[in-house]
Amino acid sequence: MKIRKLLTLFGSILLFGAVFIIDAAMKSLDADLGNFTAVRGALVILAFILGTLYIETLRKENQLTMIQRIGRIAAWAGVFVALSIIASLLRFNEFETRAFRLFPRDYITILFSTVLSIAAGIVSAMTMLIIKDMLLYKRKKGTQRNFWILLVFFLLASVTTVNLRPLEISVYTTVFFVLAVVMIIINSFRLSWIAYLSRREKIYAMVYALLAFFAFMAINILLSISDKPFLAKALLYFSYPLHTFVQLTSLFGAVYFGMAFISTLFHLPTAEAFDRKQTELNSLHNLSRLITQVFDLNELADTVTKMTFEVCEAQSSWLEVFPTESERKSPHSDNGIVSAKNITAEEIQTILFGDTTSIRSLVFSSKKVLLIDDVSSDRRTKYMTKLKNVGSLLVVPLVSHQNLIGILYATKQMDFGFDQDDIEVLSGFADQVTIAIENATLIQKSLEKERLQRELLLAQEMQKRLLPQTLPTFPNVEMQAVSAPALEVGGDYYDIAILDDHRVGIVIGDVSGKGVGAAFYMAEVKGIFQSLSKIYSSPKTFLINANQSLISSIDKRSFISLIYAVLDVSTGELILSRAGHCPMLYATSSSIEYITPTGMGLGLSAGKLFEDSLEEKKIMMKTGDVCVFYTDGVTESRSASGEEFGYERLMSVVEEKRSCSAEEIKEEIIQRVWSYTDAQGYDDDLTVFVVRWNGAPR
Amino acid sequence: MNEFKISFRVSGKVHVMDLKGYLDAHTAPNLEEAFQKLIKDQKFNILVNCKDLAYISSAGLGVFMAFIEDVRTGGGDIKMSNMSPKVYNIFDLLGFPMLYEIFTDEHEAVKKFDAKKQSSK
C-alpha cells in the first residue's frame, strides 16, 4: 500500500515536472511541438490519473461526515477561485495568440499556468470523488450506473480535445459536452443524504452548499467567458482536455450544490420532526438495551425520567413504581416515587394528593393514559392551579397483566404542550418501561430468594449441630437415633445427657409448626434440657421446671411435646414422663404396648394445671426389651391415598423385628415409613430413637 | 392439596363452626381468620364441631391456643364436639381435654353453654 502511494505521488510529480521542462524548452527555442502535442497531452493525462489515485488513497484514511465533505469542497473551490483571481490581477505578460495557439510570453507564465492547472486538476478530482460518495449514499439500482455514464461523457468530452489547438472547437467535443451536461442534471437529483441530517446539520449543509455553489459558478464563469481571463488561458495552454474536464466538473459542482442548497431549504421545515423521530428511536433503542442490562430499579428509573425528557421535551418528569400487591390497590397510599427530574417533592405531593379525586386516582381506576391540556382551566386539575410552571400534564400508566405497576408523569410549562405524537410515543415508551421494571423486580425477587435460601441452609447446618453428633455407648444398652426434617429446618428434637455414673437422660420432642420458628424453640429446649436434666433427676420434676422456663418465652399458639426418660444403665430401670408427646412403644419378648402416662404439652398451661396433668411411669426392663421413641412424623406419614401410617403399623413393625438389634429396628421403621409414603417423601419431620436393653452388666 | 372448609351456624346463642377436612399448617390460617372474625363481632360462645375433621396437626391445635384466652376473657368459651376417635386421640395425647371441654354430641355442648348463661344471670 505504502509503495503504491509513493509511486503514484512521485510518478505524477515527475510527469508534471517533465511537462514543465518541455514547455520551458519550447519557450526558449520559440518552437512548436507540432505533431508531438498529443504526446504531451498524454503525459498530462497520465500525470493527473496518478495524482487522482494518490488522492484516492489519502481519502480512504479519513472517513468524513457529509457536512465535512461539503465544507471541504467549498473550501477547496473557494481557495482555487481566490488563487485564479489573484493570478488574473497580477496582469503579467500572459500569452500571445497565433493561429489558434497560445504562446507564453515569459517563463513565469509557464510556471503560473502549470501550478494553476495542477491545482485545478486536484480540485476537480476531489470534487468528483466527494460527489461520488454523496451520490452513492443510500444508493438505488441506477445510481452507480448514472455516475459512471456521467464520468464516461466527461472523459470523452475531454479526450476528444487532445488533438485540438487551444482555441479550436470540435463538433465531437460539443456533442459529448452536451451529453455530459444532461448526465449532470440527471445525477444532481441524487440528494438522499439530506434527509438523514439533523436540523443543525441541515443548516450547516445549506451554508456550505451555497458557498460551494458560488465557488463553482465563479470557476465556470472564469472558464467560459469569451474575453478569456488568465485561468482559462492557462488551462487551455497547459492542457485542453484538462480545461474541458475542469469546466464540466465545476459545472457539475455548481448544479449539484445548487440543487443541494434548494433541496435542503425545502427539507428544513420537516427537519425538526425528523430530529424528534430520530431521538425517539434512539431513546427506545437505548431503553431496550437497558432492559437487558440494568437490574437496579433506581438506576433504571433515573434513565426512564431522563429519556422522557428527551422523547417529548418535557419540562419535568417523574416515575412512580408500585412493586408490591398492596401498593397497587389503593390510590391514596403513599407515593412510590423512584425518580423525579426538575420538580420538587412538594410539588409532586400536591399533584398526587392535592385532592381526593386527584389525577392519580383517576389513572388508578381507569388504567388509561390521561392528558390534561390546560391544567389551570381543566376541572380535573383545579386543585393544582397554584403550581405556576405546570401548563399541561401527561400521565401514562404502566400496566402489566392488568396490574398497575407504576405511573409515568410528564409536564410542560405551556398549555397544550403535548401533541398526539407525544402521547403515542410516550405510551410506546411506557410499554418498554413496564417490561424493564418487571424484569428488575423479578431479578430483585430472585436475589432475595437466593439470600433466604442461603440463610436457611445456614440454619439447617446450625440445627444439625443441635442434635447429638454421636450417642454415648454402653456395654449393655444399644441406642440408635435418626432425625430427618421435612423442610430445610424442622421442629423435631432428641438428645441424651449423662446424669451420673449409672443414669442417662433421654429426651425426644416436637415443636409445633415447622420451619425457622420451630427451630428457634428447639434450640431453647436444648438449652433447657442440658441444664435442667442435671438438676432434676425425676422426669416429672424436670418437665414441670422445663414448662416454667418455656411458658414465658413461647408464643401462645406454639407448644412443645416431649418425653423425658431416665434410664439406669446398671439395672435397666426406666422412668418416664410424657408432656403431650406420642406414647413410647415398649416391646418385651412376650408383649408389646404403648406406654402413655398422662401429661399435657409444654407451653400450653402454666402452673398447677400442667403439674397435675403429669404422670410418671416406671419400667423394669428385661434382657432383650426394646423401647421406641418417635415423633408424629412416623405415625402421621400418609400414603398416596391419604391414609396414615398409624400406631398399628408401627407396632407390627417393631413386633416383627423386636429380636433384632436397635440399629436394625430403627432402619426397618424408617424404610417402612418411606416405602409407605412412596414418592411423596416426608410431609413432616420424622425422628426415631430406639433403646434396647441387653441385660444388667455382670 | 388437602381440602379444608369452615362453615358457620348459629344454634341458640352459640356460634357453631363446622370443620371439614385436613387442618394443618397450610389451612390453619383459615381457622385463625374465622376465630378473629367471631371475636371481632363479640361472639364469644364458640362451639367447634369436628364431625368431619379428618386430621389436625400441631399448627391446627395451636390456633385454639391462640384464641382461648381472648374468648374466656370475653366471658365465653371454646368448646368442641363430635370428634372422631382418631382426632380425639390427637387432642388427648397433647392434654387438650384438660384445657377444653370436649363433648361427644353438639347438643350437650350447647346445653352446657346455656346452663352457664343461666347460672351467670
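Values in this text are rule-based calculations from the coordinates and carry no lab data. Note that the structure is predicted; figures quoted are calculated from it, not measured. A quick note on method: Cβ atoms are made from the backbone with ideal geometry, for glycine too, and the neighbour counts reach across all protein chains shown.
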Worksheet, complete the sentence: If R0 = 30 Å, then A:ARG59 and A:ILE86, at their Cβ-Cβ distance, give a FRET efficiency to the nearest 0.05 of 0.65
Worksheet item: Say each of A:THR588 and A:ARG145 gets a label point 7 Å from the Cα, pointing the same way as Cα to Cβ; how far apart are those two points in nm?
Response: 11.5 nm
Practice prompt. For chain A, find the longest principal axis of its Cα atoms and tell me its angle to the long axis of helix A:539-551, 0 to 90°, nearest 10.
Written response: 40 degrees
Discussion item. Using the Cα atoms of segment A:461-512, I'd like the radius of gyration and the largest Cα-Cα distance, Dmax, both in angstrom.
Written reply: 12.5, 38
Fill in: Projected label distance in nm at A:SER366 and A:ILE435, using a 7 Å step from Cα toward the beta-carbon
2.7 nm
Discussion item. Using all alpha carbons of segment A:616-663, what is the percent of pairwise distances in each 5 Å bin, ordered from the shortest bin to the longest?
Written reply: 4, 16, 23, 20, 20, 10, 4, 3, 0
Response to the item:
Volume per residue (Å³) of the convex hull spanned by the alpha carbons of segment A:166-249 is 98 Å³
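Roughly what percent of Cα-Cα pairs across segment A:232-283 reach past 12 Å? Write out the running numbers ahead of the final one.
Details: 966 of 1326 pairs.
Everything past 12 Å amounts to 73 percent.
Calculated from DSSP H runs of 4 or more alone, at -39500 (n - 2.57) each and per residue, what is the 222 nm mean residue ellipticity of the protein assembly as shown, nearest 500? Walk me through the numbers before you get to the answer.
Values: 24 runs with 441 residues, N = 819.
Helix-only estimate at 222 nm: -18500 deg cm²/dmol.
Between A:ASN286 and A:ILE186, what FRET efficiency follows from the Cβ-Cβ distance if R0 is 41 Å, with the result rounded to 0.05?
Numbers: r = 41 Å, r/R0 = 0.99.
Efficiency computed from Cβ-Cβ geometry: 0.50.
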Worksheet item: Residue by residue, what Karplus-based ³J(HN,Hα) values in Hz, rounded to whole numbers, does segment A:229-238 have, using 6.51, -1.76 and 1.60 with θ = phi - 60° and x for Gly and Pro?
Response: x, 4, 4, 4, 5, 4, 5, 4, 5, 5
Discussion item. Using alpha carbons only, how many angstrom separate the centre of segment A:104-141 from the centre of segment A:194-247?
Written reply: 10 Å
Discussion item. If I take the Cα coordinates of segment A:294-445 and project them onto the principal axes, what are the three extents in Å, biggest first?
Written reply: 43, 31, 26
Discussion item. Quick check: convex hull over the Cα atoms of segment A:67-269, volume per residue in Å³, rounded to an integer?
Written reply: 104 Å³
Item to complete: Note down the magnitude of the dipole of chain A about its Cα centre, charges +1 on Lys and Arg C-beta and -1 on Asp and Glu C-beta and zero elsewhere, to the nearest 20 debye.
Response: 4700 debye
Practice prompt. Using only the alpha carbons, work out the radius of gyration and Dmax of segment A:468-693 in angstrom.
Written response: 16.6, 49
Worksheet item: At what distance in nm do the modelled label points of A:LEU609 and B:HIS107 sit from each other, each positioned 7 Å from its Cα along Cα→Cβ?
Response: 3.0 nm
Worksheet, complete the sentence: The equivalent-ellipsoid semi-axes of the protein assembly as shown, taken as the square roots of five times the Cα gyration tensor eigenvalues and listed largest first in whole Å, are 105, 36, 19
Response to the item:
HN-Hα couplings for segment B:42-56 via Karplus (6.51, -1.76, 1.60; θ = phi - 60°), in whole Hz with x for Gly/Pro, come out as 6, 9, 9, 8, 10, 10, 9, 8, 9, 4, 9, 7, 8, 7, 9
Item to complete: Work out, step by step, the length gained on full extension between A:ILE498 and A:PHE36: first 0.36 nm times the residue separation, then minus their alpha carbon distance; give nm to one decimal.
Response: 153.6 nm
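Can you give the convex hull volume per residue for the Cα atoms of chain B, as a whole number of Å³? Mind dumping the intermediate values first?
Values: hull volume 11.4 nm³, N = 121.
Taking the convex hull of the Cα positions in chain B, it is 94 Å³ per residue.
Using 0.36 nm times the number of residues separating A:TYR196 and A:ARG105, minus their current alpha carbon distance, what extension gain do you get?
Details: separation 91, 0.36 × 91 = 32.76 nm, distance 5.29 nm.
So the extension gain works out to 27.5 nm.
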Worksheet, complete the sentence: FRET efficiency (B:LYS40, A:GLU448; Cβ distance; R0 25 Å; to 0.05) is 0.15
Worksheet, complete the sentence: If one compares the long axis through the Cα atoms of helix A:420-466 with the longest principal axis of the Cα atoms of chain A, the angle in degrees, nearest 10, works out at 40 degrees
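Tell me, in nm to one decimal, what length is gained between A:THR596 and A:SER28 on full extension, where the rule is 0.36 nm per residue of separation less the Cα-Cα distance?
190.4 nm is the gain from fully extending A:THR596 to A:SER28.
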Worksheet item: If you take all C-alpha pairs in segment A:392-525, what percent of them are over 20 Å apart?
Response: 67 percent
Practice prompt. Could you give the size of the charge dipole of segment A:325-443 about its Cα centre, using +1 on the Cβ of each K and R and -1 on the Cβ of each D and E, expressed in debye and rounded to the nearest 20?
Written response: 360 debye
